[in-house]
């Protein structure tokens with residue numbers, strides 16, 4: 001129903017400031033009656049890091065920063081939802097306006113700066129949904145003014161890991177000064193060691209062991225990617241999320257008035273660079289570490305390509321601005337059609353099949 005209404009609602013939403021429209025959407029989702037997630041075709045199920053995902057199409061972090069609408073979002077057909085990013089202390093983020101639609105490019109630029117209600121609020125909301133069905137994870141970061149950023153990640157992990165299925169360590173947001181520097185090998189090694197140890201200690205107390213995921217930027221060099229992959233495997237990370245938004249501005253962008261805005265670019269222009277980075281990552285980790293493919297997924301064909309590049313799971317967000325929630329069902333139907341055409345019983349059969357070719361795609 002919501003998906004069918006979106007084409008009628010989109011013109012009105014797009015006349016509003018992008019952030020205001022987003023906040024109204026999240027608020028509307030919180031008011032929806034409880035809905036059991038629709039059953040998915042068993043062939044879409046994905047088994048990774050000890051969990052069975054009913055389908056591979058997830059919602060990326062950034063949409064539901066405050067963990068207000070996870071159950072409503074699962075009810076739209078997502079196979080999993082990642083809330084956040086969350087930082088320990090509440091922070092307003094960067095001044096408005098800080099998010100811009102580029103409709104001609106089917107893209108978004110944001111410089112939110114990890115605006116967050118803070119750890120206490122998000123932890124309480126996640127605790128309130130304990131026992132409900134559906135896979136929910138949380139994306140964590142560090143406060144902008146933190147003097148010890150490692151301690152911020154540890155604090156978030158200790159509080160939130162017992163309440164979710166996975167914790168995504170975000171060291172790749174382009175909108176918090178210096179955050180991407182944390183992808184450096186020495187700090188990342190220490191960070192992941194502390195986060196994993198904190199998760200393990202929380203699991204020993206509570207009996208619930210969340211997976212630890214690491215989200216990386218699409219702009220890292222291949223030498224840096226080598227180090228990131230090696231560190232993640234060594235420290236026992238359960239998956240890599242590839243990738244965050246990009247600080248690059250492709251020459252193909254047509255919305256030139258807005259393309260110069262500072263912040264991370266997402267949406268269709270991110271598809272090619274993030275898919276190349278995904279394929280390069282798969283070539284380095286193979287079957288040792290599952291990958292979550294993010295960036296520019298706006299169709300079943302794009303989703304299929306991400307899987308061929310190495311993704312076991314997928315996440316989208318920006319495409320919802322233009323396509324609406326009906327996109328989730330469209331992608332799932334399209335994946336099943338391609339599976340039938342190739343005689344596949346499981347999506348696992350094509351994960352990384354064309355990684356080498358896609359890593360070299362122009």
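The values are calculated or read from the model by the stated rules, or taken from the named source; none is laboratory data. In this text the structure is predicted, and so the values were computed from the model without any measurement. Using ideal geometry, Cβ is built from the backbone for each residue, glycine included, and neighbour counts are taken over all protein chains shown.
Brief remarks on what is shown
- Of the residues making up segment 285-295, none is closer than 30 Å to residue 6 by Cβ, part of a helix (DSSP H, G or I), more than 15 Å from the chain's Cα centre (by Cα) and modelled with pLDDT of 95 or more.
- Matching residues in segment 239-282 - criterion: being touching a strand residue (DSSP E or B) at 6+ places or on another chain (Cβ under 8 Å), within 24 Å of residue 353 (Cβ to Cβ) and surrounded by fewer than 20 Cβ atoms within 10 Å (Cβ to Cβ): 273
- Matching residues in segment 83-93 - criterion: being buried (at least 24 other Cβ atoms within 10 Å of the Cβ) and in a loop (DSSP other than H, G, I, E, B): 87
- Qualifying residues in segment 116-144 (those that are out of contact with any helix residue (DSSP H, G or I) (no Cβ under 8 Å at 6 or more places or on another chain) and surrounded by fewer than 19 Cβ atoms within 10 Å (Cβ to Cβ)) - the one farthest from residue 170 (Cα to Cα): 131
- In segment 349-361, the residues that are within 13 Å of residue 281 (Cα to Cα) form Cβ pairs under 6 Å with partners that are assigned to a loop (DSSP other than H, G, I, E, B), at six or more places apart or across chains, as follows: 352/310; 355/310.
- If you check 29, 73, 102 for being over 16 Å from the mean Cα position of the chain (by Cα), buried (at least 20 other Cβ atoms within 10 Å of the Cβ) and without any contact (Cβ under 8 Å) to a residue 60 or more places away in the chain, only one passes: 29.
- Taken over segment 289-301, the residue count meeting the criterion of being farther than 21 Å from residue 236 by Cα and buried (at least 24 other Cβ atoms within 10 Å of the Cβ) is 4.
- Matching residues in segment 188-210 - criterion: being loosely packed, with under 15 Cβ neighbours inside 10 Å and touching a helix residue (DSSP H, G or I) at 6+ places or on another chain (Cβ under 8 Å): 190, 201, 203, 205, 206, 208
- So residue 286, is it over 16 Å from residue 355 (Cβ atoms), surrounded by fewer than 21 Cβ atoms within 10 Å (Cβ to Cβ) and out of contact with any helix residue (DSSP H, G or I) (no Cβ under 6 Å at 6 or more places or on another chain): no
- The condition (being part of a helix (DSSP H, G or I) and modelled with pLDDT of 95 or more) is satisfied by just one residue among 96, 43, 101: 43.
- Selection from segment 219-237 of residues that are surrounded by fewer than 20 Cβ atoms within 10 Å (Cβ to Cβ) and farther than 21 Å from residue 174 by Cα: 230, 233, 234, 235, 236
- Within segment 158-193, being in contact with a strand residue (DSSP E or B) (Cβ under 6 Å, 6 or more places away or on another chain) and within 14 Å of residue 212 (Cβ to Cβ) holds for 160, 161, 164, 165, 166, 167, 168, 169, 170.
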